[in-house]
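The values are calculated or read from the model by the stated rules, or taken from the named source; none is laboratory data. These numbers were taken from a predicted model, which means no experiment stands behind them. With ideal geometry, Cβ positions are generated from the backbone for all residues, glycine too; neighbour counts draw on all protein chains shown.
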Amino acid sequence: MGNLERIENIIKKFTKKNLKIAIAESCTGGYVSHMITNISGASNVFERGIVCYNNQAKIDLLKVTPKSININGAVSENVVRQLASNIKELSNVEIGIGVSGIAGPTGGTPEKPVGTVFIGFSTEEGTQVKKFVFKTDRINFKKMVLEKILDYLEQMIS
């Protein structure tokens, strides 16, 4: 099943359960929001997507603490935890998603190589953050992030 079919199924099931999502995207630059909104009916579940590509946007729009960015870096579990939980609270939705990573081909370090991404999911049960490393080009990196998000959303409704 392709990603658009997966998204369509998620939208149908989330609509039935009256679940809403919002996403704070950094390294994906709005790609996840774009893909979700390609499906008719997305407005039933997709409340908002915020592209917070630079650090100041994370601070201004999503209330990430500057101290967290300075200590941990924008690509970190701590910052993504704040992105996911803050977008959930600011949007008043059931699921908040946060994404920050290094799409490459530059910007990596030995500790955080190119392809590193943190994806966070915030629900009423709490916030969990997962780390992945996708060794691929920028476009496929974004597709792989989307697939991980879809995996999580499908698990929520299975």
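Would you pick out the residues in the stretch 53-106 that are surrounded by fewer than 19 Cβ atoms within 10 Å (Cβ to Cβ) and either part of a strand (DSSP E or B) or among the β-branched types (Val, Ile, Thr) (or both)? Passing the criteria: Ile59, Thr65, Ile71, Thr106. Here is the figure for the stretch 21-40: residues that are in contact with a Lys or Arg (Cβ under 9 Å, 6 or more places away or on another chain), surrounded by fewer than 24 Cβ atoms within 10 Å (Cβ to Cβ) and part of a loop (DSSP other than H, G, I, E, B) total 2.
Contact map, the stretch 15-32: residues that are closer than 13 Å to Ser43 by Cα paired with residues that are of a type in the set (Gly, Ala, Ser) and buried (at least 24 other Cβ atoms within 10 Å of the Cβ), Cβ distance under 8 Å, separation 6+ or inter-chain. Pairs shown: Ile21/Gly96; Ala22/Gly96.
Restricting attention to the stretch 107-138, the residues that are small (Gly, Ala, Ser), part of a strand (DSSP E or B) and touching a Ser or Thr at 6+ places or on another chain (Cβ under 8 Å) total 2. Would you confirm, using the coordinates I've provided, whether Ala74 is in contact with a Phe, Trp or Tyr (Cβ under 8 Å, 6 or more places away or on another chain), touching a residue at least 40 places away in the same chain (Cβ under 8 Å) and small (Gly, Ala, Ser)? No, not satisfied.
When Thr28 is tested against (1) at pLDDT below 95; (2) within 16 Å of Lys148 (Cβ to Cβ), only condition (1) is not met. Within the stretch 1-20, restricting attention to residues that are in contact with a Leu (Cβ under 8 Å, 6 or more places away or on another chain) and surrounded by 21 or more Cβ atoms within 10 Å (Cβ to Cβ), the residue that is nearest to Met144 (Cα to Cα) is Ile7.
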